[in-house]
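Here is the structure we will look at.
Just so it is clear, none of the values below were taken in a lab; they were calculated from the coordinates. Fair warning: this is a prediction, and the values are worked out from it, not measured in the lab. Glycine also receives a Cβ, built like all others from the backbone with ideal geometry; neighbour counts cover every protein chain displayed.
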Amino acid sequence: MNQIAINRANHTHSKLIWEWRNDQETRSMSRQGNFISWRKHCEWFKDCLSSSTRYLYILELNSKPIGITRFDLLTSTNNSYEISINLASCFRGKGLGKSLLHYSLIRFNKEVSYDKLILAEVKRENLKSNLLFSRYGFVLIHQDKTINRYSYTLYIKT
């Protein structure tokens with residue numbers, strides 16, 4: 001039986017996250033598809049871990065890290081966060097994206113204790129991610145030539 005866990009990222013995940021970010025398919029589907037140097041990644045990762053407005057989660061399957069989710073505060077006036085997800089290349093196409101999204105949203109909702117708007121920007125050509133977000137219940141709110149924008153409201157259950 002497979003065990004799934006979602007945990008906050010820590011310094012031990014740095015190299016793995018850097019490798020996942022620089023994967024060719026990840027880069028082709030990112031807004032900024034450039035290669036990230038190790039030095040730049042280390043600076044970014046250190047800032048992420050100390051930030052009070054960014055949440056990084058690692059999804060583990062049977063104690064093996066398989067993907068990352070990031071939530072970035074966009075504006076505190078309406079409690080909106082942008083979500084970014086990435087599965088390790090060897091775990092893509094196995095239906096694990098839904099688990100990564102689902103468990104990340106649950107964990108994030110427990111840690112941030114107010115109603116919040118989750119926004120996702122997905123390249124139109126990224127059919128799998130567009131399908132993932134729309135099937136999960138994210139609402140398409142804007143389209144342009146290259147990007148689809150989705151929203152999803154997380155409510156605190158009382």
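What do you reckon, is ILE106 loosely packed, with under 14 Cβ neighbours inside 10 Å and either aliphatic (A, V, I, L, M) or in a helix (DSSP H, G or I) (or both)? I'd like the intermediate steps shown before the answer.
Working: loosely packed, with under 14 Cβ neighbours inside 10 Å: yes; either aliphatic (A, V, I, L, M) or in a helix (DSSP H, G or I) (or both): yes.
Answer is yes for this residue.
Are any residues in segment 3-21 outside any helix (DSSP H, G or I), surrounded by fewer than 17 Cβ atoms within 10 Å (Cβ to Cβ) and under 16 Å from the mean Cα position of the chain (by Cα), and if so, which ones? Spell out how you get there, then give the answer.
Residues of segment 3-21 that are outside any helix (DSSP H, G or I), as a first pass: 3-10.
Subset that is surrounded by fewer than 17 Cβ atoms within 10 Å (Cβ to Cβ): 3-5, 7-8, 10.
Within segment 3-21, ALA5, ASN7, ARG8, ASN10 qualify.
Does GLU43 count as of a type in the set (Asp, Glu) and loosely packed, with under 13 Cβ neighbours inside 10 Å? Working first, answer last.
Details: of a type in the set (Asp, Glu): yes; loosely packed, with under 13 Cβ neighbours inside 10 Å: yes.
When the stated conditions are applied, GLU43 passes them.
So, in segment 125-138, of the ones that are part of a helix (DSSP H, G or I) and in contact with a helix residue (DSSP H, G or I) (Cβ under 8 Å, 6 or more places away or on another chain), which residue ends up nearest to GLN32 (Cα to Cα)? Can you show your working first?
The initial filter retains those residues of segment 125-138 that are part of a helix (DSSP H, G or I), namely 127-136.
In the following step, the residues that additionally are in contact with a helix residue (DSSP H, G or I) (Cβ under 8 Å, 6 or more places away or on another chain) were identified as 128-129, 132-133, 135-136.
On the way: LYS128: 19, SER129: 16, LEU132: 21, PHE133: 20, ARG135: 25, TYR136: 25 Å.
Looking at the filtered set, the residue picked out is SER129.
Which ones in segment 39-97 are within 11 Å of the chain's Cα centre (by Cα) and of a type in the set (Val, Ile, Thr)?
ILE58, ILE68, THR69, ILE83, ILE85
Quick one: is ILE141 surrounded by 13 or more Cβ atoms within 10 Å (Cβ to Cβ) and in a strand (DSSP E or B)?
no
Show the residue pairs meeting these rules: Cβ distance below 9 Å; 6+ apart or different chains; first residue within segment 15-29 and in contact (Cβ under 8 Å) with a residue 12 or more places away in the chain and closer than 11 Å to ILE68 by Cβ; second residue small (Gly, Ala, Ser) and part of a loop (DSSP other than H, G, I, E, B).
Taking only residues 6 or more apart or on different chains, the pairs are LEU16/ALA88; ILE17/ALA9; TRP20/ALA88; ARG21/SER30; THR26/GLY33.
What are the residues in segment 22-45 that are of a type in the set (A, V, I, L, M) and in a helix (DSSP H, G or I), if any?
Of segment 22-45, the ones of a type in the set (A, V, I, L, M) are 29, 36.
MET29 - this is the single residue of segment 22-45 that is of a type in the set (A, V, I, L, M) and in a helix (DSSP H, G or I).
Look at segment 48-68 and say how many of its residues are surrounded by 12 or more Cβ atoms within 10 Å (Cβ to Cβ) and either in contact (Cβ under 8 Å) with a residue 60 or more places away in the chain or assigned to a loop (DSSP other than H, G, I, E, B) (or both). Walk me through how you get there before you give the answer.
Taking segment 48-68 and keeping what is surrounded by 12 or more Cβ atoms within 10 Å (Cβ to Cβ), we get 48-49, 51, 54-61, 65-68.
When the remaining residues are screened for being either in contact (Cβ under 8 Å) with a residue 60 or more places away in the chain or assigned to a loop (DSSP other than H, G, I, E, B) (or both), the result is 51.
Here the count works out to 1.
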